[in-house]
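Undergrad: This is the structure I want to talk about, given as structure tokens.
Each value in this text was obtained by applying a stated rule to the coordinates, not by laboratory testing. As the structure is a computational prediction, the values presented were derived from the model and not from experiment. With ideal geometry, Cβ positions are generated from the backbone for all residues, glycine too; neighbour counts draw on all protein chains shown.
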Amino acid sequence: MATETTIPAIEISDEVKQSLLSEITEEGQVVVHVSYSSATHGDLIRIWPTTFLVPQEGGEKSKLITKENISLAPQWTIIMQKGPYRFTLVFSPLPKSCKLFHLWEDIPQPGGFVIKNIRRNETDVYEVKLV
């Protein structure tokens, strides 16, 4: 005896469709792999949500979308070993005309960082070092 399978029709509301579309990874994102040189066991590190890629030529800043292997302020990540510690930052796309940009942690206290004059490449994947 054969069994017939029917697939029910599914209705998805416009709100749910928009929500799902906003979660799809946007083409053109910029990935920055950061290596931080930890001087001691137990160093603390974090990234602020006000970290941007700033085109040297001016124009729209690229916003931090997500991060991996690092806490977002006000939380801290404890580094358990001396030496290099790696984390990844993902940003919204840079303007197509951008050739050089700066990685800028814009924070309301001392200790923010700026890495200047990062040369744009075709892959939009970068490696930088924080000392």
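Undergrad: In the range 48-68, whose amide N lies under 20 Å from the spot 7 Å out along Cα-to-Cβ of H102? List them in ranges.
TA: 48-65
Undergrad: Label-point separation (nm) for S35 and T50, each offset 7 Å from Cα along Cα-to-Cβ?
TA: The modelled label-to-label distance comes out at 3.0 nm.
Undergrad: Separate question: Between Q75 and V128, what FRET efficiency comes out of the Förster formula 1/(1 + (r/R0)^6) with R0 = 25 Å and r the beta carbon distance, rounded to 0.05?
TA: The calculated FRET efficiency here is 0.70.
Undergrad: 5 Å is the cut-off here: which amide hydrogens, built 1.01 Å from N in the peptide plane, fall below it relative to L130, excluding neighbours closer than 5 in sequence?
TA: Answer set, sorted by chain and number: S35, Y36, S37.
Undergrad: Now, a different point. Pulled fully out, how much extra length does the chain show between K82 and Q109, if you take 0.36 nm times their separation in residues and subtract their Cα-Cα distance?
TA: Extra length available between K82 and Q109 comes to 7.2 nm.
Undergrad: Here's another thing I want to ask about it. Summing +1 for each Lys or Arg and -1 for each Asp or Glu, what net charge is found among the other residues whose Cβ lies under 15 Å from the Cβ of S71?
TA: Values: positive: R46, K67, R86; negative: D43, E68, E105.
Computed value for this residue: 0.
Undergrad: Count the net charge of all other residues whose Cβ sits under 14 Å from the Cβ of G112, scoring Lys and Arg as +1 and Asp and Glu as -1. Mind showing how you got there, number by number?
TA: Working: positive: R46, K116; negative: E105, D106.
So the surrounding residues net to 0.
Undergrad: Right, here's the next one. Under the Karplus relation 6.51 cos²θ - 1.76 cosθ + 1.60, θ = phi - 60°, what is the ordered set of whole-Hz ³J(HN,Hα) values for the range 94-107, x standing for Gly and Pro?
TA: 7, x, 4, 7, 5, 10, 10, 8, 10, 9, 10, 9, 8, 10
Undergrad: Run down the lysines and flag those whose C-alpha is under 29 Å from the C-alpha of K96, throwing out any fewer than 8 positions away in its chain.
TA: By straight Cα distance, K96 reaches K17, K61, K63, K67, K116, K129.
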